[in-house]
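The values are calculated or read from the model by the stated rules, or taken from the named source; none is laboratory data. In this text, all values refer to a predicted model and were calculated from it rather than measured experimentally. Using ideal geometry, Cβ is built from the backbone for each residue, glycine included, and neighbour counts are taken over all protein chains shown. With ligands, DNA and RNA removed, areas are computed over all heavy atoms of the protein, side chains included. Shrake-Rupley method; radii C 1.70, N 1.55, O 1.52, S 1.80 Å.
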Amino acid sequence: MFAKLAFRNMKRSAKDYLVYILTMTIITALIYAFGSLIFQNELEDLFDLEPVMNAMLILATVFIVIIVAWLINYMVRFMLEKRSSEFGIYLLLGMKKKTVSRLYIRENLLLGSFSFCCGIILGILLQQVLVSVMYSMVRLEYHLHIMFHYKTFLMTALCYFGCYLLALIRCRHKFRKMNIHALMEARRRNEKIIEKHEKGKRILLPLSMIFILLFWSVFGRLGDTMEVIIFLVGLVLTIYLFYTGMSAWIICYIRQKGNAVYKGQNLFLLRQFASKIKTMQFTMGTLTSLFALALLGASIAFMFSEYENTILEEKFPFDVLVYSADTDDDFSEEKAVINAETASAEYYPYHIYTDKNNQVNTWLLTHLEAWGTMYRTADGKPDMAEIEEMLLNEGCYYPYDTYMGLSDYNHLRQMLGYGKKEITSGEYFLQIKPRLYNEVTDAPEDLQIADASGNTFLSCAGIIPDYFSQDGHNGADYVVVVPDEVLERMSPYYSELAVDLKGARPVNLQNKLMELAPENDDMELDMDYINNPDLCCGSDAIITFGSVYLARESLIPEVKYMLGSIIIPMFYIGLVFVCVAVTVLSVQQLSDSAKYRFRYDVLAKLGLERNQIRCMILKQLAAYYLCPALFAMVISGKMILYVSKQFVTATGVPAFAGTFFLKSIALFFGIYLVYFIVTYVGFKRNVEEKRR
Amino acid sequence: MAQTGNNYIRVCNVEKYYGNESNVTKAVDNVSFHVDKGEFIGVMGASGSGKTTLLNMMATIDRVTAGHIYYENTDITELSENALSEFRRKNLGFVFQDYNLLDTLTIEENIILAQTLQGGRKKEINERCSSILRLLGIEDIREKFPYQVSGGQKQRCACARALVSNPKLLLADEPTGALDSKAAQTLLETFTRLNRELGATILMVTHDAFSASYCKRILFLKDGKIFHELIRGEKKRNIFLQEILDVLSLTGGEMSDVC
């Protein structure tokens, strides 16, 4: 009997909370699909990397489970509140409290199991899509083969039902404490509008705004941990108190009878909005935080994705490049490995030279955005003491300037398919990373590079911003290209071997070359040898790849996979957070539509036309939906723009810093719009049902 | 029915059927009557007699199956849905048993909203609102929310909202149904005063003889038809009440909850 009642109630709830069920299905599918990468990630074995993606995915799953637990808990309590009078009637009819509580738990578990089963089926499909996307990202072919991962299934079930059980245990506790009267009254409790000290609370709105402005102005300059913690606490408080201030401000505006109150339906809309955000201020604050985090996560994912699609393809222009600190190295070992792995190859060994000076280093350290004013004195001159200390200890730039002969340079250009460059005996070129070109478009005039005779200085013939593997190989950030005869006055700094492979390019060449590194005490490859500390990567930050061996065909998929370790979990978090937030908004509105039906019915009796009522519903929903989203955009906007700017500067991705923010907004507003339309249609139908 | 007076509102051969071809229920069956300007008319009948259906059709919130309803020269049965909304907004006021106040608005704001929906200047709206609040004796609760006031006060607020835009007709559907006897009496006295002092035309549907005794004229409905009419004239209210009870006794005591 009770099983039948529970099943019937579940069917009714499924109709009322369709959006929630859909979201839980989607979340289950996402947890399953992304979770499968934790347990069965064949790519991780392929690249023989540290389990970075696993760690990131586990971390993301932890965050997601916390939020899903919150959603389930919120929904279970919400449904209990909405149906409390019904439970009160069960008790009144003589049912035991335990029986009613079990009935509710059973209903919820049925509802949860239904979403879970649908989610797993969707998840199995989604997992295949996800894996094929990852394979194509790392340039591997993947053949779809639907399969069931039992470990992933267990993890998903554990996370999902764990959250459910926690929420239901809390509910059971609540049931135990409630009496019939409390249950009957529970629904009505929130309907009372209590307006106390609104004038005082109004101050919270300008205070929140001031804090946000303050946050915007000092965000980039936050230095020590204490400052960051203080600002984060302030930000969380601001997010929550903003809604208290906003509702108080609207209430005071209505009470003071502002002019807008007397225009059309404004009074009704303003009151609806104020009372809703007043009763929901904590939820609205949480939703704002979720949106802000989702936007932040997606923006970061878009940044790395942009890097992967643009810079990475050009990052390793040579098929193979090998660094050696030994200027007499003939690279025979490397050549032997390459010969064994490939059909044929063209080898070009050359030297990078130095004049034991650091005037180009100094010029860059005082002109690049990455360094700002760090290496300038108060009067704007180079701070030589700081610069020398930096060059010796930081490992960004070689301690001395790096030079290359024109013939070597042109040969390497030819290997890359670039055109030849010419200079006279009295000139030099500055070959730099493309990302720095906008920062140093004016040729340096004060560099004093002596010509072959040593009597006069070379003049700058221009700056060439081509991709030239300048992360420590062909200089760090730059190399000065001089006529060959000038090199006679310099000494070789280190050796390089550039290789142009003919025919098929083996994907495991990087690993084969790395095996040349000596073993350390633990009988493992000496990573210090591979990531040679003498190799200086330049001013690139966020994504750097310093290795004595650079094999293009191995590295691009490997780096792509590593970037995927950030991109995939970030999108994962973003998607789930947005889905959770919009579900709460939708369910709130749809389940309130019965109450609104009465209100709109009254307005119809007061003479409002159907179109006017539809327009009001649209306005009401839009305000309710947009409020947390816009506030989240204001809060996260500054952070994202700042981080994007840093990212663009540090990595050189050819994008405007705001692009990533705009893309995230477009992505989430797509999801937002779908939920909004579903809610609007459902809401309108519920409101108009009775009137028809 | 007698066709006297100024025929402010005319209900002509109105019929309302529910159901489908195989099972038709006649809720209102060929009803005709008129309402004069400034009249306080009551419609009485047992549950299911069709009185609320009749009121809903006059209130433009339900459509007639056949017949016509004229407000002066306007036949509301011919109006489109949007035109009906406008007509309702400009010409009708409603008072219902369950008050129909908006719970998110204060008492005063409920009255202001009824005016802002019609447009109007802030100053005029405030003045009209204050005077109607004063007239109905609910000035001191103007800033309270509906849940904070008594049923009688809520109903007076509903009256104020209905009357604030000077409607042609005030429609009241069991307005005392949810009130205690004291509050019901106060409300009915308010109706009488509004009718006498402001000249408001009121049509009240009720099954309560005590409430009906405040009307100037009463139409009795049974099975969707008008079967009797009582006119108070110069009679005292208690005598009129006795007459109403006499008529009700003819119906076989179906309206047994008369006081």
Exercise. Any idea which of (1) under 26 Å from A:Ser593 (Cα atoms); (2) away from chain B (no Cβ under 14 Å); (3) open to solvent by less than 20 Å² (accessible area, probe 1.4 Å) is the one A:Trp249 doesn't satisfy?
Worked result: (3)
Problem set entry | Search result, residues across segment A:441-466 that are within 20 Å of A:Asn357 (Cα to Cα) and at pLDDT below 80 | A:Ala443, A:Pro444, A:Glu445, A:Asp446
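Here's the yes/no breakdown for (1) within 23 Å of A:Leu585 (Cα to Cα); (2) modelled with pLDDT of 90 or more; (3) open to solvent by 20 Å² or more (accessible area, probe 1.4 Å):
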{"position": "A:Arg12", "(1), (2), (3)": "yes, no, yes"}
{"position": "A:Asp16", "(1), (2), (3)": "yes, no, yes"}
{"position": "A:Leu30", "(1), (2), (3)": "yes, yes, no"}
{"position": "A:Phe34", "(1), (2), (3)": "no, no, no"}
{"position": "A:Phe39", "(1), (2), (3)": "no, no, yes"}
{"position": "A:Leu43", "(1), (2), (3)": "no, no, no"}
{"position": "A:Leu71", "(1), (2), (3)": "yes, no, no"}
For this session: Can you run down the residue pairs with Cβ atoms below 8 Å, 6 or more apart or on separate chains, where the first is in segment A:249-268 and over 17 Å from B:Arg121 (Cβ atoms) and the partner is of a type in the set (Gly, Ala, Ser) and outside any loop (DSSP other than H, G, I, E, B)?
Result: A:Ile250/A:Ala274; A:Ile251/A:Ala274; A:Tyr253/A:Ala260; A:Ile254/A:Ala274
Seminar exercise, completed: Inside segment A:122-146, the number of residues satisfying the requirement of being part of a loop (DSSP other than H, G, I, E, B) and in contact (Cβ under 8 Å) with a residue 12 or more places away in the chain is 6
Seminar exercise, completed: Here the residues within segment B:1-36 that are of a type in the set (D, E, K, R) and modelled with pLDDT of 80 or more are B:Arg10, B:Glu15, B:Lys16, B:Lys26, B:Asp29, B:Asp36
For this session: Could you tell me which numbered condition A:Ala504 fails, if it satisfies all but one of (1) of a type in the set (A, V, I, L, M); (2) surrounded by fewer than 24 Cβ atoms within 10 Å (Cβ to Cβ); (3) closer than 20 Å to A:Leu365 by Cβ?
Result: (3)
Exercise. Only one of A:Thr366, A:Thr362, A:Thr373 is β-branched (Val, Ile, Thr), open to solvent by 50 Å² or more (accessible area, probe 1.4 Å) and free of Cβ contacts under 8 Å to residues at least 40 places away in the same chain; which?
Worked result: A:Thr373
For this session: Please go through segment B:126-157 and pick out each residue that is touching a Pro at 6+ places or on another chain (Cβ under 8 Å) and open to solvent by less than 10 Å² (accessible area, probe 1.4 Å).
Result: B:Gln155, B:Cys157
Exercise. Name the residues in segment B:80-105 that are within 13 Å of chain A (Cβ to nearest Cβ) and open to solvent by 40 Å² or more (accessible area, probe 1.4 Å), would you?
Worked result: B:Ser80, B:Glu81, B:Asn82, B:Glu86, B:Lys90, B:Asp98, B:Asp103
Problem set entry | A:Tyr561 in a helix (DSSP H, G or I) and either open to solvent by 30 Å² or more (accessible area, probe 1.4 Å) or within 14 Å of chain B (Cβ to nearest Cβ) (or both) | no
Problem set entry | Pairs with Cβ under 6 Å, 6+ apart, first in segment A:555-577 and touching a residue at least 24 places away in the same chain (Cβ under 8 Å), second charged (D, E, K, R) | A:Pro557/A:Arg139; A:Lys560/A:Glu308; A:Leu563/A:Glu308
Problem set entry | Scope segment A:4-28; condition among the aliphatic types (A, V, I, L, M) and under 14 Å from A:Val580 (Cα atoms); matching residues | A:Leu18, A:Val19, A:Ile21, A:Leu22, A:Met24, A:Ile26, A:Ile27
For this session: Please find, within segment A:258-277, the residue that is farthest from the other protein chains (Cβ to nearest Cβ) out of those that are in a helix (DSSP H, G or I) and open to solvent by less than 20 Å² (accessible area, probe 1.4 Å).
Result: A:Ile277
Seminar exercise, completed: All conditions in (1) buried (at least 17 other Cβ atoms within 10 Å of the Cβ); (2) under 30 Å from A:Arg106 (Cβ atoms) are true of A:Arg170 except (1)
Problem set entry | Elements of type helices (runs of 4 or more DSSP H) in segment A:174-235, at least 3 residues being open to solvent by less than 80 Å² (accessible area, probe 1.4 Å) and at pLDDT below 85 | A:180-189, A:204-218
Seminar exercise, completed: When B:Ala162 is run through (1) modelled with pLDDT under 90; (2) among the small types (Gly, Ala, Ser); (3) open to solvent by 20 Å² or more (accessible area, probe 1.4 Å), the failure sits at (3)
For this session: Would you confirm whether any residue within segment A:389-399 is within 17 Å of A:Leu430 (Cβ to Cβ), in contact with a strand residue (DSSP E or B) (Cβ under 9 Å, 6 or more places away or on another chain) and either surrounded by 18 or more Cβ atoms within 10 Å (Cβ to Cβ) or modelled with pLDDT of 90 or more (or both)?
Result: yes
Problem set entry | Of all residues making up segment A:505-541, the number that are on the phi > 0 side of the Ramachandran plot and modelled with pLDDT of 80 or more | 1
Exercise. Do we find a residue being more than 14 Å from chain B (Cβ to nearest Cβ), of a type outside the set (Gly, Ala, Ser) and either open to solvent by 30 Å² or more (accessible area, probe 1.4 Å) or under 30 Å from A:Leu368 (Cβ atoms) (or both) anywhere in segment A:595-616?
Worked result: no
Problem set entry | Every residue from segment A:376-423 that is over 18 Å from A:Leu497 (Cα atoms), within 38 Å of the chain's Cα centre (by Cα), without any contact (Cβ under 8 Å) to a residue 12 or more places away in the chain and part of a loop (DSSP other than H, G, I, E, B) | A:Thr377, A:Ala378, A:Gly380, A:Asp383, A:Glu394
For this session: Could you check, for segment B:10-24, whether at least one of its residues is closer than 30 Å to B:Glu189 by Cβ, more than 14 Å from chain A (Cβ to nearest Cβ) and open to solvent by 20 Å² or more (accessible area, probe 1.4 Å)?
Result: yes
Exercise. Does segment A:339-348 include one or more residues that are within 22 Å of A:Phe429 (Cα to Cα) and outside the structural domain of A:Val133 (by TED's automatic domain parsing)?
Worked result: yes
Seminar exercise, completed: Within segment B:57-78, residues more than 10 Å from chain A (Cβ to nearest Cβ) and open to solvent by less than 40 Å² (accessible area, probe 1.4 Å) come out as B:Met57, B:Met58, B:Val64, B:Ala66, B:Gly67, B:Ile69, B:Tyr71, B:Asp75, B:Ile76, B:Thr77
Seminar exercise, completed: Those residues of segment A:429-468 that are part of a strand (DSSP E or B) and in contact with a Cys (Cβ under 6 Å, 6 or more places away or on another chain) come to a total of 0
Exercise. Tally time: how many residues in segment B:203-251 are over 21 Å from the mean Cα position of the chain (by Cα) and of a type outside the set (A, V, I, L, M, F, W, C)?
Worked result: 9
Problem set entry | Residue within segment A:283-291 that is within 14 Å of chain B (Cβ to nearest Cβ), touching a Cys at 6+ places or on another chain (Cβ under 9 Å) and in a helix (DSSP H, G or I) present | no
Exercise. B:Leu136: within 14 Å of chain A (Cβ to nearest Cβ) and more than 15 Å from the chain's Cα centre (by Cα), yes or no?
Worked result: no
